[in-house]
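Participant: Sharing a structure with you now.
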Amino acid sequence: MTTSAELPTTLGHSAPNPYCATGLPRRRLRPPLANCADPTPFYRGGDWARSPLRIADPGALIVALPPMLGFVPQRSLVVAVLRAGLPPGVRPVIDAVARFDLEPPGGRRAMAAGIAQCLSQICAAEQAEEVLAVVVDDRVAEPGPPGAAHPRREARAVSHSALIAALDKRLATHEVLLAGAWAVPAIDGGEHWWPLLGGPDGGILPDPAESPVALASVLDGRPVHASRTAMTAVLAPDRALCEQVAAHLGAALERTRDRYVRAVRHGELDGFHRALLENVLWQIAHTAAGALPEPPDIAELVGALREPVVRGALYALAFTDHAAAAERLWIRMVQALPGPDRADAAALLGYGAYVRGDGPFAGMALDVALTADPCHSMAGLLESGLRSGMRPEPLRRVGRSGHTMAADLGIDLGPLVR
């Protein structure tokens, strides 16, 4: 799955287990992406891949960044990686978007080197040779005639031209071309943007809400958060809810254990797993209708997610019409569960975000999962794939396997729609 925002050639040169087998936490595999603030480039598939969205100019590219990232970037450098191997004359297409903090430790020289190293890894994974860069910073110094007063020309205003020039040189050593770079104070309608590598004068941003990419994101049911912090807050634990769930958890797990013992005794494990899966699907249906599960319901769901057969089947939901409702349920469980049980819901959430192309949100969810349970095998595998730039397509086999597991229990999850 890839981002398929098409650009004109004028934009550029062309069961929860808190312990490992040894009893010690597993060393988490995190291939470094230098100073990347977000864990991975963003990939987008679905209808965008089949029908590329045309972006007419740098202003349209800039207002398309929030729906691509899932949040509005602030004090960030955002880099779009262009698809390689297109025939001459064909408009460039964005294959990935990566965001970087503008104030990492080490100064600008180290920052340019780190970003270039990170982008070289992404471009190698994408087999790409060209990138576009956008600086979003409320402190940027907008250019003007020498000596002319400007409201943004104040003591704290900064210029990122030197950073872009250094990045251009560093990328060249990795055989990656910085085909264009622009700056803007904020991604709001009416803001002025301007080039950082020379070229035509800048322009005025259109209304971001009217961007075709934003409209496609709304139709896809994918929200655009006001900031990265706001996006992260979605996965923060709700302390009061956690306490309420914890009060019901012991009794709920005991009931599940009793049903498991009876099922084993009577040779009815499939029926046991089927009942657990049906309960999860029932809660997802209620979530789709706007009714979030109450603490006793969430406590009952924990026992279901602890069963590998049930949990495995649930990965298939990411490819069905139930994906959005399932995601809302996983978010509710991530907010409500303490300790390792949080990891199973977060891994399901991260998988769904990964396969739909939402790299930043997938990375956040997987980080939650591995913080809750450093030995969670699925979260570890997904995070390694995400950070190494693996595309979502190979992960479809997990969903297909889950669909088969549900069918073996006598439950039809419906067709796989992605």
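The values are calculated or read from the model by the stated rules, or taken from the named source; none is laboratory data. Remember, predicted model here, so these are calculated numbers, not experimental data. Using ideal geometry, Cβ is built from the backbone for each residue, glycine included, and neighbour counts are taken over all protein chains shown.
Participant: Residue by residue through segment 363-418, note down the ones that are farther than 19 Å from residue 126 by Cβ, among the small types (Gly, Ala, Ser) and out of contact with any helix residue (DSSP H, G or I) (no Cβ under 8 Å at 6 or more places or on another chain).
Facilitator: Those that are farther than 19 Å from residue 126 by Cβ, among the small types (Gly, Ala, Ser) and out of contact with any helix residue (DSSP H, G or I) (no Cβ under 8 Å at 6 or more places or on another chain): 377, 407, 414.
This table checks each residue for (1) within 17 Å of the chain's Cα centre (by Cα); (2) modelled with pLDDT under 95; (3) in the same structural domain as residue 278 (by TED's automatic domain parsing).
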| residue | (1), (2), (3) |
| --- | --- |
| 307 | no, no, yes |
| 338 | no, yes, yes |
| 347 | yes, no, yes |
| 351 | yes, no, yes |
| 358 | yes, yes, yes |
| 362 | yes, yes, yes |
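Residue by residue, here is whether (1) at pLDDT 85 or above; (2) assigned to a strand (DSSP E or B); (3) of a type in the set (Asp, Glu); (4) buried (at least 22 other Cβ atoms within 10 Å of the Cβ) holds:
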{"residue": "73", "(1), (2), (3), (4)": "yes, no, no, yes"}
{"residue": "142", "(1), (2), (3), (4)": "no, no, yes, no"}
{"residue": "147", "(1), (2), (3), (4)": "no, no, no, no"}
{"residue": "156", "(1), (2), (3), (4)": "no, no, no, no"}
{"residue": "169", "(1), (2), (3), (4)": "yes, no, no, no"}
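Participant: Restricted to segment 382-406, and to residues that are charged (D, E, K, R) and loosely packed, with under 15 Cβ neighbours inside 10 Å, which residue is nearest to residue 271 (Cα to Cα)?
Facilitator: The selected residue is 400.
Participant: Go through segment 305-317 and report how many residues are surrounded by 22 or more Cβ atoms within 10 Å (Cβ to Cβ) and not basic (Lys, Arg).
Facilitator: Qualifying residue count, segment 305-317: 7.
Participant: Here's a follow-up. Among the listed residues 386, 370, 382, identify the single one that is in a helix (DSSP H, G or I) and in contact with a His (Cβ under 8 Å, 6 or more places away or on another chain).
Facilitator: Step by step, each of 386, 370, 382 is checked, and only 370 is in a helix (DSSP H, G or I) and in contact with a His (Cβ under 8 Å, 6 or more places away or on another chain).
Participant: Another question about this same structure. With the checklist (1) within 21 Å of residue 236 (Cβ to Cβ); (2) touching a Leu at 6+ places or on another chain (Cβ under 6 Å) in hand, flag the one item residue 355 doesn't pass.
Facilitator: If we test residue 355 against (1) within 21 Å of residue 236 (Cβ to Cβ); (2) touching a Leu at 6+ places or on another chain (Cβ under 6 Å), just (1) comes out false.
Participant: Consider only pairs whose beta carbons are under 7 Å apart and that are at least six residues apart or on different chains; among these, list those whose first residue lies in segment 109-131 and is farther than 14 Å from residue 78 by Cα and whose second residue is in a helix (DSSP H, G or I) and modelled with pLDDT of 85 or more.
Facilitator: 109/166; 113/170
Participant: Additional query: Filter segment 216-239 down to the residues that are in contact with an Asp or Glu (Cβ under 8 Å, 6 or more places away or on another chain) and under 17 Å from residue 99 (Cβ atoms), then identify the one that is modelled with the highest pLDDT.
Facilitator: So the residue we want is 228.
Participant: From 132, 119, grab the single residue that is of a type outside the set (Gly, Ala, Ser) and at pLDDT 85 or above.
Facilitator: Just one listed residue meets the conditions, 132.
Participant: Continuing with this model, one more query. Only one of these conditions is not met by residue 321: (1) charged (D, E, K, R); (2) at pLDDT 95 or above; (3) in a loop (DSSP other than H, G, I, E, B). Which number is it?
Facilitator: (2)
Participant: Identify, please: which residue in segment 75-88 is in a strand (DSSP E or B) and out of contact with any Asp or Glu (no Cβ under 6 Å at 6 or more places or on another chain) and is, among those, farthest from residue 132 (Cα to Cα)?
Facilitator: 76
Participant: From the list 286, 248, 266, which one is buried (at least 16 other Cβ atoms within 10 Å of the Cβ) and over 18 Å from residue 343 (Cβ atoms)?
Facilitator: Answer to the check: 248.
Participant: Can you tell me how many residues in segment 308-331 are over 13 Å from residue 409 (Cβ atoms) and of a type in the set (A, V, I, L, M, F, W, C)?
Facilitator: Total meeting the criteria: 10.
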